[in-house]
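Chemist: Below is one structure. I have some questions about it.
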Amino acid sequence: MPRLSRCFYCAVFVALCIFAIPTNADAQATSRILEAKWEFRAASNTDQAQMKEWHPAQVPGVVQTDLLHDGLIPDPFYQDNDTRLQWIGLTDWEYRTTFDADAATLAHDHVDLVFEGLDTYADVYVNEQPVLHSDNMFRRWRVPAKTLLKVGPNTLRLVFHSPIESMIPKVKALPYILPSVTSHNTGNEEDIATAPYTRKAPYQYGWDWGPRYVTEGIWKPIRLETWDALRIENFHIQQQRVAKDFAALSAELEIEAGHSAAAGVEINYAELSGAPSAPIRQSVQLEPGVNRISIAVHIANPKLWYPLSVGAQDRYRFTAQVRIERNVVADASLKTGLRSIELRREVTGTDTSFAFVVNGIPIFAKGADVIPFDSFPNRVTPEIHRQILEAARDAHMNMVREWGGGYYESDDFYDICDELGIMVWQEFIFGGDMVPGGRDFQDNVKQEAVEQVKRLRDHPSIVLWCGNNEIETGWVHWDDRKIFKESVSPADREKVWQDYVVLFHGILAGVVARYANPVPYWASSPSANFEAPPDSQNNGDMHYWQVWHQLAPIEMYTQQFPRFMSEYGFQSFPEMRTIRTFARAGDMDIHSATMQDHQKNHGGNERILSYMLRWYPEPKDFPSFVYLSQVLQAEAIKVGAEHLRRQRPNTMGSLYWQLNDCWPVASWASIDYYGRWKALQYYARRFYDDVIVSPFAHDGKVDVYVVSDKLQPLTGQVRTRLLDFSGKILSDKTQDVQVPAQSSAVYFTLDEKDLLANADPKKSFLVFDLAVGGAEVSRNLIFFDTMHNLDLPRAARIETSLDNSNGGYAVTLRSPVLARSVYISFGDLDVQTADNYFDLLPGEAVTVKLKAPASSTVEQLRGAMQVISLTDAFPASETMR
């Protein structure tokens, strides 16, 4: 072949190669999740040969769910299997995959591996080169990988070390060992608590409502990302001043640039369903490294975000584009709601208020505390979040407290709260353990906090960042902390306390002030910000547990007058359908091994029974005990919640413990692990309604309150009837009421002696109905003794009529006598009732809408439906006295 021809063909080949591989100027940034071809095996600390073999893995995930998926372990939630699976958290585990990188990927200036979440201590190898050692479940790790990768297949291997076994030698070498809520390492001979020293979800070490499953694994996605000239590391809308007439904002960008460049930044915004604004443009000079850009954004007459029932949840979408010359080289977008937020703490005498103020409106916080939704967080889906949060919305809850013993929730959780108008009390992840000092630990926590605050700060639902759960009150009040303080020297005792102060009153307070302003910071829950002892009645927030843990009478709830109650609770069992998922027929006894294992609060089953027998006769069987436990829980929290609402504005919050469960268990939750409402959730929809009539019986009289969270005054009527249990009207009066906006007041008082002059207190009761605009908005009943001492009638069979009219199923119920706590169930059919656990007045018809599977027939529903009331829970020979 002539030399000229050979050169010609070489030139063509080179040209084709050039066009086949994009240049940096033309290449587009890419991001892909590495979720395929994963395998895992035990790396050490086990003698089980099968576990040392490679098995398929699901990423994201954790080792327990991989073992379950591959059939290597039984259901972790069945019976007491959790006690036999502790070896998993004591073992080291190895994960690996192979992924391809093509020439186009490696042609980019930057190729990064991004680890969204590693649980927890992991050594990471790329093509067998060590690149990362992770030590924090809550941090994100970015590893430059361009020089580590090659065209074709590449290997990624991660070795996870047991967070227990790896920490025990280090903790043993310390001069003292910090006391821990989770206390001991189940399954390990060493009686050493390692949780305080590990940045990992505390509840996974075991809690008094959840099992101990110490997870390991790739719990969030791993991404392979490429970029060239620059990338947007963070995009944030800083709300400097927000009012009805004007919002002064700034678009804040962190741009990482690979080299110097002149660029243009363009900001656009629009209501979620509206047209975009005129673009706001600014020229910038970027230098290598991180560049911080701030661009002013002003909106006249903005649409504001309000909590549930106060106003609309209007939001805006903001977008940012960065151009070099005419090319868009990076863009970002976010949704946010515009609102002002204040934690109002006004001093009056010896009291200091504690109230959330949104857009200038004081809000009485109604809600519950939220725990993790599963023992294995990778199993939680947006659908699960939505189901529980919509249930909170349906019960008129305007706040949830994201408890500090779990983990920072995924973005969809906060998106849903933004959408529904549910405020979030967000805690940093410290569940109750004292914290170690030292620069390494503090720097690790600070970086975690910065990353999480930046990730979440544009959610308008987040109205508070709180440092921790119960560490301050634990140091002051808990017995194990008192023992610890006596066991160490004064110098060590002071050091432990100063380590606490530095982290929660210094480092985390500073992170929130710098990155989350204007959202307020609160160091601990409960706390009075060092102005008074924690759990104060007149300063800060309060957790009240004398009822339940100390067996105080339920009525003691009405003797508490906190400025804000952020925890109080009472336990019950989940419904029988849920219990059958983890128990056999032979387990249906509160003293069985299975029922004791699915009760993580020591003595909890016996405590439920003890309280139950104060109010009711002994239930006739286990299903009756389960039903009665839910009724008792609902009645107990009703006493507390209504009392707290009656105290507004002195008290401005009621958050009961807890909304949800992480596994099927007897607990304080009002919604069980499967999303099934307990009696308490139905009660909450009544006692948290925006307007309620709330009679309070005490000292031989009944004070009749009306409580309103409405922003407008109301005109209504309160009808008061004294009835006997067969429905005979002994007294019937109606009184007009003028109810101011956002108020609680006594509108009249009844004397029990006068009421009962011609009535038997054991056979009669009071009914209070509040009507507004001719429609009943609230009902409440008062009895003159506990159910134990009343002559409640054996209810004649409750008449039921089920039909499929008006586009859906409904059941109508009627009873000739009073039927208390009427419960409608459908066996194993998945049927949701619009109401349940309600009182059916004599002769009064109540229609309840049903939501049944599309394949259900009227005949199926009728055959499965069961209706019981309170007296059905006791032996036929048992009287209520």
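Chemist: May I ask you to compute the full-extension gain from residue 301 to residue 443, defined as 0.36 nm times their residue separation minus their alpha-carbon distance, rounded to one decimal in nm?
Modeler: Gain in length upon complete extension: 46.9 nm.
Chemist: Please work out the ratio of the alpha-carbon Rg of the stretch 123-204 to 2.2 N^0.38 Å and round it to two decimals.
Modeler: Ratio of Rg to 2.2 N^0.38 Å for the stretch 123-204: 1.43.
Chemist: Please report the net charge: other residues with Cβ closer than 12 Å to the Cβ of residue 724, K and R +1, D and E -1.
Modeler: Result for the neighbourhood of residue 724: +2.
Chemist: Report relative contact order for the chain in percent, whole number only (criteria: Cα-Cα under 8 Å, sequence separation at least 6).
Modeler: Dividing the mean separation by the residue count of the chain yields 9 percent.
Chemist: A further question on this structure: So how strong a dipole does the chain carry about its Cα centre when Lys and Arg Cβ are +1 and Asp and Glu Cβ are -1, to the nearest 20 debye?
Modeler: 1440
Chemist: Once you charge only the Cβ atoms, +1 for Lys and Arg and -1 for Asp and Glu, what is the size of the charge dipole of the stretch 656-710 about its Cα centre, to the nearest 20 debye?
Modeler: So the dipole magnitude of the stretch 656-710 works out to roughly 160 debye.
Chemist: If we sort 568-579, 491-502 on the protection proxy, mean other Cβ atoms within 10 Å, highest first, what's the order?
Modeler: Going by the mean number of other Cβ atoms within 10 Å, highest first, we get 568-579, 491-502.
Chemist: Also, quick follow-up: How large is the Rg to Rh ratio of the stretch 404-539 when both quantities use alpha carbon positions and Rh follows Kirkwood?
Modeler: In the stretch 404-539, Rg relative to Rh is 1.00.
Chemist: Calculate, for the chain, the solvent-accessible area per residue in square angstrom, rolling a 1.4 angstrom probe over the heavy atoms of the protein chains.
Modeler: Result: 40 Å² per residue.
Chemist: Short version: ³J(HN,Hα) in whole Hz for each residue of the stretch 56-73, in order, from phi by Karplus 6.51 cos²θ - 1.76 cosθ + 1.60 (θ = phi - 60°), x for Gly and Pro, what are they?
Modeler: In residue order, the calculated couplings are x, 10, 10, 10, x, x, 9, 5, 4, 6, 5, 4, 5, 4, 8, x, 8, 9 Hz.
Chemist: Give me the percent of the accessible area of the chain that comes from carbon and sulfur atoms, probe 1.4 Å, all protein chains in place.
Modeler: Of the solvent-accessible surface of the chain, carbon and sulfur hold 51 percent.
Chemist: Shifting gears a bit: Starting from the eigenvalues of the Cα gyration tensor, five times each then square-rooted, give me the equivalent ellipsoid semi-axes of the chain, largest first, whole Å.
Modeler: 52, 33, 28
Chemist: Compute the acute angle (0 to 90°) between the alpha-carbon long axis of helix 622-646 and the principal axis of greatest extent of the alpha-carbon atoms of the chain; round to the nearest 10°.
Modeler: 90
Chemist: Turning to a different aspect of this structure: Taking the square root of 5 times each eigenvalue of the Cα gyration tensor, what semi-axes in Å does the equivalent ellipsoid of the stretch 337-429 have, largest first?
Modeler: So the equivalent ellipsoid measures 27, 15, 11 Å along its semi-axes.
Chemist: Ranked highest first by the average count of other Cβ atoms within 10 Å around their residues, in what order do 212-220, 471-479 fall?
Modeler: Sorting 212-220, 471-479 by mean packing, highest first, produces 212-220, 471-479.
Chemist: Just round it to a whole percent: the fraction of Cα-Cα distances in the stretch 598-693 exceeding 20 Å.
Modeler: Summing the P(r) tail past 20 Å for the stretch 598-693 gives 42 percent.
Chemist: Give the Debye-formula value of log10 I(q)/I(0) at each listed q (0.17 Å⁻¹), with one equal scatterer per alpha carbon of the stretch 47-90, two decimals each.
Modeler: With one equal scatterer per Cα and no solvent, log10 I(q)/I(0) is -0.49.
Chemist: Highest first, please rank the peptides 58-69, 241-252 by the mean number of other Cβ atoms sitting within 10 Å of their residues.
Modeler: In decreasing order of mean packing, 58-69, 241-252 become 58-69, 241-252.
Chemist: Quick one: P(r) of the stretch 267-352 from all Cα-Cα pairs, 5 Å bins, percents rounded to integers, in order of increasing distance.
Modeler: 3, 10, 16, 18, 13, 11, 10, 7, 5, 4, 2, 1, 0
Chemist: Still on this structure, I have one more. Would you mind getting me the FRET efficiency between residue 347 and residue 275? Use the beta-carbon distance for r and R0 = 45 Å, nearest 0.05.
Modeler: Result of the calculation: an efficiency of 0.45.
Chemist: Along the positive direction of the dipole of the stretch 604-735 (beta-carbon charges: Lys, Arg +1; Asp, Glu -1; about the Cα centre), which of 712, 616, 671 reaches farthest?
Modeler: Of the listed residues, the answer is 712.
Chemist: Would you mind getting the Kirkwood hydrodynamic radius of the stretch 214-288 from its Cα pairs, rounded to one decimal in Å?
Modeler: The answer is 15.9 Å.
Chemist: Also, quick follow-up: Starting from the Cα of residue 828, move 7 Å in the Cα-to-Cβ direction to define the label point; list residues of the stretch 675-709 whose amide nitrogen is under 16 Å from there.
Modeler: Counting backbone N atoms under 16 Å from the label point, the list is empty.
Chemist: Residue 104 to residue 151: extension gain in nm, 0.36 nm per residue of separation minus the Cα-Cα distance?
Modeler: Roughly 16.0 nm would be gained on extension.
Chemist: Give me Rg over Rh for the stretch 483-526, both radii from the alpha carbons and Rh done the Kirkwood way, two decimal places.
Modeler: Radius of gyration over Kirkwood radius for the stretch 483-526 works out to 1.17.
Chemist: Continuing with the same structure: Can you compute the radius of gyration and Dmax for the stretch 95-140, using only the Cα atoms, both in Å?
Modeler: According to the Cα coordinates of the stretch 95-140, Rg and Dmax are 12.5, 34 Å.
Chemist: So, in nm, how far is label residue 70 from label residue 581 when the simple model puts each one 7 Å beyond its Cα toward the Cβ?
Modeler: With each label placed 7 Å out from Cα toward Cβ, I get 2.6 nm.
Chemist: Let me check the size of the stretch 627-755 from its C-alpha atoms; what are the radius of gyration and Dmax in Å?
Modeler: Using the Cα atoms of the stretch 627-755, the pair Rg, Dmax is 17.0, 50 Å.
Chemist: Average projected area of the Cα convex hull of the stretch 681-746, in nm²?
Modeler: 5.8
Chemist: If I model a spin label as a point 7 Å beyond the Cα along the Cα-Cβ vector, how far apart are those points for residue 715 and residue 556 in nm?
Modeler: 4.6
Chemist: A further question follows. For the stretch 387-428, take N as its residue count and report Rg(C-alpha) divided by 2.2 N^0.38 Å.
Modeler: My calculation over the Cα atoms of the stretch 387-428 gives 1.09.
Chemist: On full extension of the chain, what length is gained from residue 776 through residue 618, given 0.36 nm per residue of separation minus the C-alpha to C-alpha distance?
Modeler: Length gained between residue 776 and residue 618: 53.3 nm.
Chemist: Describe numerically, in nm with one decimal, the distance between label points set 7 Å from Cα along Cα→Cβ at residue 49 and at residue 173.
Modeler: My value for the distance between the label points is 3.7 nm.
Chemist: Consider all pairwise Cα distances in the stretch 98-237 and report the whole-number % of them above 24 Å.
Modeler: 44
Chemist: Quick one: which of 170/485; 638/849; 638/678 span more than 18 angstrom between C-alpha atoms?
Modeler: With Cα atoms farther than 18 Å apart: 170/485; 638/849.
Chemist: How big is the Kirkwood radius of the stretch 215-367, worked out from every pair of different alpha carbons and given in Å to one decimal?
Modeler: 18.2
Chemist: Okay, next question. What does the convex hull of the Cα atoms come to per residue for the stretch 740-819, in Å³?
Modeler: Each residue corresponds to 187 Å³ of Cα convex hull volume.
Chemist: Mean residue ellipticity at 222 nm from the helices of the chain, using -39,500 (n - 2.57) per DSSP H segment of n ≥ 4 over the full residue count, to the nearest 500 deg cm²/dmol?
Modeler: One gets -6000 deg cm²/dmol as the mean residue ellipticity at 222 nm.
Chemist: Using only the C-alpha atoms of the stretch 796-881, find the volume of their convex hull and express it per residue in Å³.
Modeler: Considering the Cα atoms of the stretch 796-881, their hull volume per residue is 96 Å³.
Chemist: If you average the C-alpha positions of the stretch 802-881 and of the stretch 47-115 separately, how far apart do those two centres end up, in angstrom?
Modeler: For the stretch 802-881 versus the stretch 47-115, the Cα centre distance is 46 Å.
The values are calculated or read from the model by the stated rules, or taken from the named source; none is laboratory data. Predicted, not measured: the structure shown is a model, and the values here were computed from it. When we count neighbours, we look across all protein chains shown, and the Cβ atoms used for this are built from the backbone with ideal geometry, even at glycine. Note: accessible area is taken over every heavy atom of the protein model, side chains too, but ligands, DNA and RNA are not part of it. Shrake-Rupley method; radii C 1.70, N 1.55, O 1.52, S 1.80 Å.
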